[in-house]
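Undergrad: Below is a structure I'd like to ask you about.
The values are calculated or read from the model by the stated rules, or taken from the named source; none is laboratory data. Since the model is a prediction, treat every value here as computed from it, not as a measurement. Note that we place each Cβ from the backbone using ideal geometry, even for glycine, and neighbour counts take in every protein chain shown. Surface accessibility is based on the protein's heavy atoms, side chains included, excluding ligands, DNA and RNA. Shrake-Rupley method; radii C 1.70, N 1.55, O 1.52, S 1.80 Å.
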Amino acid sequence: MDTFEPYPVRQTYRLIEPGPTVLISTSDGARDNLMTNAFNMPVRHDGILAVVVGTWDASFATLQKSRQCVIGIPGAELMRTTVDVGNCSGEDVDKWEHFGLTRVPGVSVAAPLIGECVANIECKVEDDSLVEDYSLWLLRATAAWIRPGADLTSEFHHRGNGTFSTNGELHDLRDQMTKWKYFAN
């Protein structure tokens with residue numbers, strides 16, 4: 001194959017980066033926590049999402065017990081804070097206080113929304129059958145919130161090696177979505 005060269009299979013996630021880098025908020029009723037997450041994706045159009053949260057994450061036990069969380073979508077202005085949130089453990093520091101982030105009460109879950117995020121999605125665990133083998137949680141969105149006038153193109157993506165990219169130019173092809181017109185609203 002002269003056209004291509006081998007690429008490490010263990011790094012293929014870098015080629016299809018799963019989604020925006022997000023903050024996941026959890027609460028056990030006594031303590032709220034935050035974690036950074038770059039392994040997430042939509043699963044179905046009806047509000048089923050997936051995130052990877054493993055036993056190595058301080059939020060794992062809380063998610064397992066409470067079966068709910070909030071996915072906050074930060075804009076590029078929170079990129080450095082989001083990375084810093086991921087560089088420390090909620091077992092050692094109150095990330096909300098340390099990073100000056102604002103707790104906003106949700107309506108369907110105990111975990112707080114993140115006031116500085118562009119959008120927040122309240123979620124409940126829909127299926128945890130893939131957690132033991134893959135650390136993959138299927139979540140059902142129960143409520144979603146967007147900051148009025150928010151720039152949704154400001155989300156950013158971890159490229160898997162410590163570099164990040166922001167969304168580029170928006171291309172509107174809704175008129176071409178003939179088979180899936182009902183998704184082009």
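Undergrad: Output the qualifying pairs, or none if there are none: Cβ atoms under 6 angstrom, residues six or more apart or on different chains, first residue in the stretch 30-56 and closer than 20 Å to Y182 by Cα and among the aliphatic types (A, V, I, L, M), second residue part of a strand (DSSP E or B) and at pLDDT below 95.
TA: Short answer, once both residue conditions are applied: L49/P42.
Undergrad: Of the residues that make up the stretch 108-126, is at least one under 30 Å from D28 (Cβ atoms), more than 17 Å from the chain's Cα centre (by Cα) and modelled with pLDDT of 90 or more?
TA: The answer is yes, given that some residue of the stretch 108-126 is under 30 Å from D28 (Cβ atoms), more than 17 Å from the chain's Cα centre (by Cα) and modelled with pLDDT of 90 or more.
Undergrad: In the stretch 153-185, what residues are open to solvent by less than 80 Å² (accessible area, probe 1.4 Å), assigned to a loop (DSSP other than H, G, I, E, B) and out of contact with any helix residue (DSSP H, G or I) (no Cβ under 9 Å at 6 or more places or on another chain)?
TA: T163
Undergrad: Right, next: Looking only at the stretch 112-124, count every residue that is out of contact with any Leu (no Cβ under 6 Å at 6 or more places or on another chain) and assigned to a strand (DSSP E or B) and tell me the total.
TA: Within the stretch 112-124, residues that are out of contact with any Leu (no Cβ under 6 Å at 6 or more places or on another chain) and assigned to a strand (DSSP E or B) number 5.
Undergrad: Additional query: Here are some residues: A141, A150. Which one is in a strand (DSSP E or B), among the aliphatic types (A, V, I, L, M) and open to solvent by less than 70 Å² (accessible area, probe 1.4 Å)?
TA: Criteria check complete, one pass: A141.
Undergrad: Turning to a different aspect of this structure: Inside the stretch 69-108, can you point out the residues that are among the hydrophobic types (A, V, I, L, M, F, W, C) and under 21 Å from H157 (Cα atoms)?
TA: C69, V70, I71, I73, A76, L78, M79, V83, V85, C88, F99, L101
Undergrad: Pairs only if they're at least six apart or on different chains, beta carbon under 7 angstrom, first in the stretch 6-29 and among the aliphatic types (A, V, I, L, M), second open to solvent by 30 Å² or more (accessible area, probe 1.4 Å); list them, first residue then second.
TA: V22/I73; L23/T36
Undergrad: Condition (residue is in contact with an Asp or Glu (Cβ under 6 Å, 6 or more places away or on another chain) and either over 19 Å from L15 (Cβ atoms) or at pLDDT below 85 (or both)) applied to the stretch 146-164: is it met by at least one residue?
TA: no
Undergrad: Name the residue, out of L130, L113, L101, L136, that is free of Cβ contacts under 8 Å to residues at least 12 places away in the same chain and not aromatic (F, W, Y).
TA: None of the others qualify; the one that does is L130.
Undergrad: Could you list, in sequence order, the residues of the stretch 35-56 that are closer than 17 Å to S25 by Cα and either buried (at least 17 other Cβ atoms within 10 Å of the Cβ) or in contact with a strand residue (DSSP E or B) (Cβ under 9 Å, 6 or more places away or on another chain) (or both)?
TA: Listed by number, the residues that qualify are M35, T36, N37, A38, F39, N40, M41, L49, A50, V51, V52, V53.
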